[in-house]
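The values are calculated or read from the model by the stated rules, or taken from the named source; none is laboratory data. Only a predicted model underlies this, so the values are computations on that prediction, with no experimental measurement involved. Cβ sites come from the backbone with ideal geometry, for glycine too, and all protein chains shown count toward neighbours.
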């Protein structure tokens with residue numbers, strides 16, 4: 001029984017729309033007709049009981065009466081008895097009595113004669129209904145003279161049973177016709193309506209389950225066909241929205257994951273996956289506007305798709321200005337050639353509206369192992385990309401195990417640095433800045449250092465980016481400001497303090513510096529605020545306002561890392577710094593690189609015209625010192641001149657002197 005029920009349930013689940021509507025039609029028709037039949041049956045039975053039975057009784061009595069009158073006229077009583085006997089065989093007739101005018105029975109189908117006097121006058125003539133019988137009494141005339149009465153008793157139940165049989169047969173045929181008509185209608189509905197509804201239901205069900213490919217279609221020009229066509233278009237559009245990036249119309253991250261997993265499942269021996277990032281895209285967006293950035297992304301995606309078609313590799317956009325490539329490769333050398341080819345094709349000039357932009361990219365690539373899933377592979381290629389950017393951008397880097405070690409190191413630094421302030425692990429060192437003309441210390445730069453019990457001395461290049469990422473820069477920056485201002489009283493020379501853009505964005509930073517100087521008794525001209533030379537200074541009003549406030553209160557302003565990145569004469573006019581620091585990337589090869597010498601010379605000449613001091617960083621040899629001196633640089637700092645030292649070192653040397 002359970003098997004049959006399960007089978008019926010499965011059939012119904014599979015064909016529910018095809019069955020449901022026709023069955024509802026049949027069921028509704030059946031219920032309606034049964035109700036109609038019930039009331040019709042009751043009405044018919046009542047009508048027949050009240051009318052037709054009596055009419056039949058009258059008809060029967062008239063027939064008997066005509067024959068009796070004929071033979072009564074001839075006086076043939078025996079023939080009359082025979083007539084009564086013949087009619088009494090009918091199941092419906094109970095008794096027939098012929099009574100003369102004096103109340104005496106002349107002929108009867110009773111076994112015994114009626115001995116009692118029948119007072120006919122007290123009985124209504126005609127046919128009368130009773131509970132179980134119909135009594136008919138009519139006068140008999142002989143030669144138009146009344147002679148007696150014909151009394152006939154008829155059984156109701158016999159009539160009723162015959163009527164019920166007749167009506168039952170009638171309505172059985174009626175119901176059969178209804179069922180046949182309903183099943184014909186069900187067939188027609190299935191052909192014209194429910195079949196189409198089933199297809200539409202399957203289309204909707206496919207859309208709900210995320211199956212958008214190869215949907216069924218209803219042929220024709222009816223409403224169902226139009227709905228089906230719209231559903232197919234909707235299905236296709238949803239598939240595109242789910243699998244393709246809305247802006248560039250190339251595969252998105254969801255599609256990338258699916259495609260990579262499918263390719264990986266084919267057990268290919270050599271697969272690579274790479275992330276491509278557009279260098280300085282944020283600056284392009286900020287400078288030209290986000291609409292221009294979108295145009296750039298669309299053209300960038302077109303170039304990538306063309307490369308994809310040419311080289312049979314998969315490309316897609318993971319978000320922002322990051323794109324992904326992956327595919328097979330034959331050998332490592334050919335992969336390097338392919339990556340170089342891709343980089344060459346997607347870099348270059350991009351034509352925007354009213355502007356041309358030169359684009360470079362950084363690429364991180366991972367050679368996929370059989371143990372890598374998509375997210376493992378992406379994480380490793382992302383680490384390689386980070387290495388490309390940290391090396392100056394515009395590079396291609398392939399992931400190595402050493403990068404994993406670097407990642408673990410970064411995680412460890414991130415975990416430990418959060419407690420560094422509370423555990424007093426940070427400290428300040430001071431590096432002298434010399435005036436080469438008189439060979440005296442002109443000022444000091446306050447530099448942050450971190451000594452962790454577990455990691456030991458951690459390079460600023462490692463932990464300072466972490467401080468900025470975690471938001472600790474505000475709290476740590478205040479610690480540096482406090483210690484640097486306090487040290488000025490001891491060193492008795494101007495102190496350079498590095499201030500990040502995040503700190504400069506703080507509306508309270510100027511008041512904090514002034515408060516610390518006032519409490520320590522340090523004048524503002526002995527504090528130089530060093531800013532990283534960047535476009536953000538020029539762009540953000542809050543930062544410019546704080547710089548102007550610092551200048552207004554007498555603090556010196558110095559631009560750090562000048563000569564690289566966002567160099568702009570207009571920025572010098574806007575900020576009007578007291579000094580600029582030539583980035584050590586320019587001084588590193590200044591002895592052997594004539595180009596760097598020309599750049600430094602140009603900076604020095606420009607600074608002389610604007611009345612700005614020039615400080616050279618990274619002076620770690622006598623040769624560099626002499627070259628920079630020849631180029632006109634008067635202020636220098638570097639390991640050759642003096643290493644960064646704690647305040648205690650300078651206090652001890654001062655005591656010795």
TODO: Go through region 239-278 and count every residue that is under 30 Å from residue 358 (Cβ atoms) and assigned to a helix (DSSP H, G or I).
DONE: 2
Task: Every residue from region 300-318 that is in a loop (DSSP other than H, G, I, E, B) and at pLDDT 90 or above - done: 313
Open item on the list: Can you tell me which residue is nearest to residue 368 (Cα to Cα) among those in region 330-354 that are in contact with a helix residue (DSSP H, G or I) (Cβ under 8 Å, 6 or more places away or on another chain) and surrounded by 12 or more Cβ atoms within 10 Å (Cβ to Cβ)?
Closed with: 338
- [ ] Can you give me the number of residues within region 51-87 that are exposed (fewer than 13 other Cβ atoms within 10 Å of the Cβ), closer than 17 Å to residue 147 by Cα and at pLDDT below 75?
- [x] 2
Open item on the list: The conditions are (1) assigned to a helix (DSSP H, G or I); (2) in contact (Cβ under 8 Å) with a residue 60 or more places away in the chain, and residue 367 fails exactly one of them. Which is it?
Closed with: (1)
Open item on the list: Quick check on region 258-285: of everything there that is surrounded by fewer than 18 Cβ atoms within 10 Å (Cβ to Cβ) and in contact with a helix residue (DSSP H, G or I) (Cβ under 7 Å, 6 or more places away or on another chain), which residue is nearest to residue 387 (Cα to Cα)?
Closed with: 283
- [ ] Could you tell me which of the residues 473, 485 is within 17 Å of residue 422 (Cα to Cα) and touching a residue at least 24 places away in the same chain (Cβ under 8 Å)?
- [x] 473
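Considering only residues that are surrounded by fewer than 19 Cβ atoms within 10 Å (Cβ to Cβ) and either on the phi < 0 side of the Ramachandran plot or not in a loop (DSSP other than H, G, I, E, B) (or both), which ones fall in region 319-328?
319, 322, 328
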TODO: Filter region 355-373 down to the residues that are touching a helix residue (DSSP H, G or I) at 6+ places or on another chain (Cβ under 7 Å) and at pLDDT below 90, then identify the one that is farthest from residue 263 (Cα to Cα).
DONE: 355
Open item on the list: If I filter region 134-154 down to residues being crowded, with 16+ Cβ neighbours inside 10 Å and more than 14 Å from residue 61 (Cα to Cα), which single residue comes out as farthest from the chain's Cα centre (by Cα)?
Closed with: 147
Task: Segments classed as helices (runs of 4 or more DSSP H), wholly inside region 586-657, with at least 3 members that are within 58 Å of the chain's Cα centre (by Cα) and within 26 Å of residue 573 (Cβ to Cβ) - done: 594-610
Task: Of all residues in region 149-174 being outside any helix (DSSP H, G or I) and in contact with a helix residue (DSSP H, G or I) (Cβ under 8 Å, 6 or more places away or on another chain), the one that is modelled with the lowest pLDDT - done: 154
